Amino acid sequence: MYRYDEYDQTIVDERVKQFRDQVRRRLAGELKEEEFLPLRLQNGLYMQIHGYMLRIAVPYGLISSPQMRMFAHIARKYDRGYGHFTTRQNIQFNWLKLEETPDILADLASVQMHGIQTSGNCIRNITSDEFAGVAQDEVVDPRPYAEIMRQWSTFHPEFAYLPRKFKIAISGATDDRAAIYAHDIGLSAIKNAQGETGFKVLVGGGLGRTPIIGSVICEFLPWQHLLTYIESIMRVYNQYGRRDNKYKARIKILVKDLGIDEFRRQVEADWADLENGPGTLTSEEVDRVTSFFIDPPYEALSDYNAKLNEFQADNRPFSHWMAKNVKPHRIPGYAIVVLSLKKPGEAPGDATAEQMDFIADLADRYSFGELRITHKQNLVLADVRQQDLISLWQEAGEQGLTTPNIGMLTDIISCPGAEFCTLANARSIPLAKLIAERFENLDYQYDIGEITLNISGCVNACGQHHIGNIGITGVEKKDHDEWYQVSIGGAEGNDSSLSKIIGPSFTFFQVPEVIERLIHIYLRERIEAERFIDTVRRIGHAPFKEHVYANDFVAQEEHNNGCGVMSAQYDVPYYSPRF
Amino acid sequence: MIIKNNTIVTDDWSVLRLSEQETAETVAVPAGKIIVPLKVWQAQRGNLQRCEAIGVWLGTDERAEDLKGDIEKFSVIAVHFPKFSDGRGFSIAYNLRARLGYRGELRAIGDVLRDQLFYLRRVGFDAFAPRPDRNIEDVLKGLADFSEVYQHSIDQKLPLFRRTQRKGNPATDTA
């Protein structure tokens, strides 16, 4: 993976120094909160319900074991012993003190990490395919380009105060695992007929209040022009994106208002001036950055089928895990392992300090000391020898990391929700837990098959509910109670689509039953190996809607065994300013 | 006092702002070194270009291109930041320097604060009139926040990768 040189380290160290002084001035009253706000946000620091929340950048989801151990250290020293991995491949800590944040950033800088531009109206951390470099369907390794864009976007002087946040995702495989259609800019690294590398560039995708699938602005952008072309997109957006209404300030609204053809014309008019200018990438620079992403010292192995098959035959849980959590690797004898952070009963995406240390050790022993964070809030050991799978499974299982549910119904994507976030209308994590417990039976999950379920506590869509096969959104109602809208038909990847709401919203305790009814229709209507999403697309929303609303719901009390409002994770006192 | 070329200097320019009752066509532009709004320049250019020294300022909803063909006429061009977080001014400055080739004084006025100064200088501002309630010595420190940058912009014509020989992965170093 990429390692800092003296330039990278200097820039990050100077950022820590700068932020330390900004915090000092804030605490001394020299900076007003409104002036401090964008400064702290651009270091990933939010003021949430319980105090300050810090979002740490994990560039394109790739980290080393010492970096993971640093997360464990931060969780123990400054927080309450755990962290939350996010849908943008970052990690968040929820219980921090402002005056300690410069020390946390200094600790992070010591392992080449930071919170730079993980929030605020700037270019955010760049996300990518969690299987980059090891996937069998990869055409171009996106990691060097993601790193080149990370450096280019870090403290870009012209684009630090955009109309709104700006998210870039890059994928280099035939199967899009980076949700590039749901980003402000989505890049698909491809090869043309001559075998030259370039990018299909999408612009104006995004979720939130106005979900839109990105439009193609350029079918094939030769790699040399990556940074200058993005610069022109940013400049048009910076000047003409709306600033009068924050809900209409994302680039997707500008692209929609102008139309993709006019937007493209403006971008290309700006770019005419930059094409082949000094910002053009050089092969030396691409080669230099690429040198950090060479293959680890793989052994010459052949696929290890016999022993694994034998063990699987005798061991159903292992066989489940192999089927769901282990993915094919491009190198013979190796496998990609997804460690599930979705054990029913636990908060999706959370890991304790003990788990983090443990996972770092696993990475050292089984996967060349590296890890990936997925946008589905799981962790990946990308380079595991197949002959080690049995022992890895046994060890990881002891820490609750082998739930064989990747891609299944309980692999729920969830935002932190109203227990943590001031924007949320409703709780997400306890709902995710309730659903996961209801559908915990693996045979039932496997019968249902491939499905995605995404929960966001509000319309801002951090849980990416618009691109879940089933999407759940916390909505605000006059009585300030928790209500949830349920939508179906969303998907990410190559066949991205946005979900549609099925009808009036539901209470917290009705939601699992709603999902049960949706599943029921799917199981009744599906043809052969059709996935849930395929059935929805084939038969439409009507049968689902009809069945969900056909019968009353059993009274809540009978469902919740009298426990009323469920206690939240880690004994967080349940309160929110909204209730 | 303003910050110019990295030092604090006295300033003898004044900025003309239209009150609600005044219009660009009829406002009386005082004699002396004065920075007028773009609209006043456009309305009264016949008279104004006869002044010995004249400046113009742009709002963030105006565009550098509005001064196309005119930039030689100004001793100073200013960009007014109504709010420090209004980032349009950064692209206006970039366009004035890179697209229109303006080489004179480019001044940031309005809500100009320490923590934006480094970026402002990078995109081509060389003069800063900090918000009057701020200590100008403190604001000046903002210029020293970083000693190295990745991207090219106005202050730095080449990106880091074209300026230096950065090292690749030592594990693959065959040289």
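Out of region B:158-175, which residues are within 7 Å of another protein chain (Cβ to nearest Cβ) and of a type outside the set (A, V, I, L, M, F, W, C)? Outline the logic, then answer.
Filtering region B:158-175 for residues within 7 Å of another protein chain (Cβ to nearest Cβ) gives B:158-162, B:166-169, B:172.
Selection gives B:PRO159, B:ARG162, B:ARG166, B:LYS167, B:GLY168, B:ASN169, B:THR172.
Can you name every residue in region A:187-202 that is surrounded by 24 or more Cβ atoms within 10 Å (Cβ to Cβ) and in a loop (DSSP other than H, G, I, E, B)?
Answer for region A:187-202, where residues must be surrounded by 24 or more Cβ atoms within 10 Å (Cβ to Cβ) and in a loop (DSSP other than H, G, I, E, B): there is none.
Could you count how many residues in region A:256-283 are surrounded by fewer than 21 Cβ atoms within 10 Å (Cβ to Cβ), within 14 Å of chain B (Cβ to nearest Cβ) and not in a helix (DSSP H, G or I)?
9
Can you tell me which condition A:TYR237 does not meet? The list is (1) in a helix (DSSP H, G or I); (2) free of Cβ contacts under 8 Å to residues at least 60 places away in the same chain, and all the others hold.
Result: A:TYR237 passes all but (2).
Is at least one residue of region A:235-246 surrounded by 20 or more Cβ atoms within 10 Å (Cβ to Cβ), under 28 Å from the mean Cα position of the chain (by Cα) and among the polar types (S, T, N, Q)?
Within region A:235-246, one or more residues are surrounded by 20 or more Cβ atoms within 10 Å (Cβ to Cβ), under 28 Å from the mean Cα position of the chain (by Cα) and among the polar types (S, T, N, Q).
Has region B:29-52 got any residue that is under 30 Å from B:PRO159 (Cβ atoms) and either not acidic (Asp, Glu) or not in a helix (DSSP H, G or I) (or both)?
No, region B:29-52 contains no residue that is under 30 Å from B:PRO159 (Cβ atoms) and either not acidic (Asp, Glu) or not in a helix (DSSP H, G or I) (or both).
Of all the residues that make up region A:203-234, how many are within 13 Å of A:ILE251 (Cα to Cα), more than 14 Å from chain B (Cβ to nearest Cβ) and buried (at least 24 other Cβ atoms within 10 Å of the Cβ)?
Qualifying residue count for the region: 6.
Just name the residue that is nearest to A:GLN117 (Cα to Cα) out of those in region A:152-186 that are of a type in the set (S, T, N, Q) and surrounded by 23 or more Cβ atoms within 10 Å (Cβ to Cβ).
Out of the qualifying residues, it is A:SER153.
Can you name the number of the only condition in (1) within 21 Å of A:GLU33 (Cα to Cα); (2) within 8 Å of chain A (Cβ to nearest Cβ); (3) of a type in the set (Asp, Glu) that B:ASP111 fails?
Result: B:ASP111 fails condition (2) only.
Go through (1) without any contact (Cβ under 8 Å) to a residue 24 or more places away in the chain; (2) over 12 Å from the mean Cα position of the chain (by Cα); (3) surrounded by 13 or more Cβ atoms within 10 Å (Cβ to Cβ) one by one and return the number of the condition B:PRO30 breaks.
Condition not satisfied by B:PRO30: (3).
For A:TYR446, only one of the following conditions fails: (1) aromatic (Phe, Trp, Tyr); (2) under 30 Å from A:MET47 (Cα atoms); (3) assigned to a helix (DSSP H, G or I). What is its number?
All conditions are met except number (2).
Among the residues of region B:144-157, how many are more than 7 Å from chain A (Cβ to nearest Cβ) and under 19 Å from B:ARG97 (Cα atoms)?
3
Could you grab me the full set of residues in region B:81-108 that are surrounded by 24 or more Cβ atoms within 10 Å (Cβ to Cβ), more than 12 Å from chain A (Cβ to nearest Cβ) and not hydrophobic (A, V, I, L, M, F, W, C)?
If the condition is that a residue be surrounded by 24 or more Cβ atoms within 10 Å (Cβ to Cβ), more than 12 Å from chain A (Cβ to nearest Cβ) and not hydrophobic (A, V, I, L, M, F, W, C), then B:ARG107 is the only one that fits.
Could you pull out the residue among A:PHE368, A:PHE318 that is of a type in the set (A, V, I, L, M, F, W, C), modelled with pLDDT of 95 or more, surrounded by fewer than 23 Cβ atoms within 10 Å (Cβ to Cβ) and part of a helix (DSSP H, G or I)?
Working: A:PHE368 fails: part of a helix (DSSP H, G or I).
Of the residues listed, the single one that is of a type in the set (A, V, I, L, M, F, W, C), modelled with pLDDT of 95 or more, surrounded by fewer than 23 Cβ atoms within 10 Å (Cβ to Cβ) and part of a helix (DSSP H, G or I) is A:PHE318.
Go through region A:363-395 and give me each residue that's under 17 Å from A:GLN312 (Cα atoms) and either without any contact (Cβ under 8 Å) to a residue 60 or more places away in the chain or of a type in the set (Asp, Glu) (or both).
Passing the criteria: A:ASP388, A:SER391, A:LEU392, A:GLN394, A:GLU395.
Of A:ILE515, A:ILE527, A:ILE533, A:ILE519, which residue is within 19 Å of A:ASN469 (Cβ to Cβ), among the β-branched types (Val, Ile, Thr), part of a loop (DSSP other than H, G, I, E, B) and at pLDDT 95 or above?
Within the list A:ILE515, A:ILE527, A:ILE533, A:ILE519, the selection yields A:ILE527.
Do you know which of the residues in region A:140-172 that are within 12 Å of chain B (Cβ to nearest Cβ), part of a loop (DSSP other than H, G, I, E, B) and not small (Gly, Ala, Ser) is farthest from A:GLU370 (Cα to Cα)?
The qualifying residue farthest from A:GLU370 (Cα to Cα) is A:PRO163.
For A:ARG76, which of the numbered conditions (1) at pLDDT 95 or above; (2) more than 11 Å from chain B (Cβ to nearest Cβ); (3) in contact with a Leu (Cβ under 7 Å, 6 or more places away or on another chain) fails to hold?
If we test A:ARG76 against (1) at pLDDT 95 or above; (2) more than 11 Å from chain B (Cβ to nearest Cβ); (3) in contact with a Leu (Cβ under 7 Å, 6 or more places away or on another chain), just (3) comes out false.
Do the conditions hold for A:SER302, that is, is it among the small types (Gly, Ala, Ser), within 27 Å of A:TYR366 (Cα to Cα) and not in a loop (DSSP other than H, G, I, E, B)?
Criteria not met by A:SER302.
Anything in region A:276-322 that is among the hydroxyl-bearing types (Ser, Thr, Tyr) and more than 30 Å from B:HIS152 (Cβ to Cβ)? List them, or say none.
If the condition is that a residue be among the hydroxyl-bearing types (Ser, Thr, Tyr) and more than 30 Å from B:HIS152 (Cβ to Cβ), then A:TYR298, A:SER302, A:TYR304, A:SER319 are the ones that fit.
On the basis of being modelled with pLDDT under 95 and among the acidic types (Asp, Glu), does A:ASP552 make the cut?
The answer is yes for A:ASP552.
Against the conditions (1) touching a Pro at 6+ places or on another chain (Cβ under 9 Å); (2) closer than 18 Å to A:LEU339 by Cβ; (3) part of a loop (DSSP other than H, G, I, E, B), where does A:THR422 fall short? Just the number, please.
Result: A:THR422 fails condition (2) only.
A:ILE253: part of a helix (DSSP H, G or I), in contact (Cβ under 8 Å) with a residue 24 or more places away in the chain, among the β-branched types (Val, Ile, Thr) and crowded, with 24+ Cβ neighbours inside 10 Å, yes or no?
no
Does region A:94-107 contain at least one residue that is among the charged types (D, E, K, R) and under 22 Å from the mean Cα position of the chain (by Cα)?
no
Taking the criterion of being free of Cβ contacts under 8 Å to residues at least 24 places away in the same chain and surrounded by 12 or more Cβ atoms within 10 Å (Cβ to Cβ), would at least one residue in region A:296-306 satisfy it?
Scanning region A:296-306, I find no residue that is free of Cβ contacts under 8 Å to residues at least 24 places away in the same chain and surrounded by 12 or more Cβ atoms within 10 Å (Cβ to Cβ), so the answer is no.
When you look at A:ASP129, is it assigned by TED's automatic domain parsing to the domain that holds A:SER171, under 26 Å from A:PHE368 (Cβ atoms) and at pLDDT 95 or above, yes or no?
no
If I filter region A:321-341 for residues that are part of a loop (DSSP other than H, G, I, E, B) and among the hydroxyl-bearing types (Ser, Thr, Tyr), do I get at least one hit?
Yes.
Are any residues in region A:120-132 assigned to a loop (DSSP other than H, G, I, E, B) and more than 14 Å from chain B (Cβ to nearest Cβ), and if so, which ones?
Restricting attention to region A:120-132, the residues satisfying the condition of being assigned to a loop (DSSP other than H, G, I, E, B) are A:120-122, A:124-126, A:129-132.
Those that are assigned to a loop (DSSP other than H, G, I, E, B) and more than 14 Å from chain B (Cβ to nearest Cβ): A:ARG124, A:ASN125, A:ASP129, A:GLU130, A:PHE131, A:ALA132.
The values are calculated or read from the model by the stated rules, or taken from the named source; none is laboratory data. Every value quoted in this text rests on a predicted model; they were computed, and no experiment measured them. Methodologically, a virtual Cβ is constructed for each residue, glycine included, from the backbone with ideal geometry; neighbour enumeration extends over all protein chains shown.
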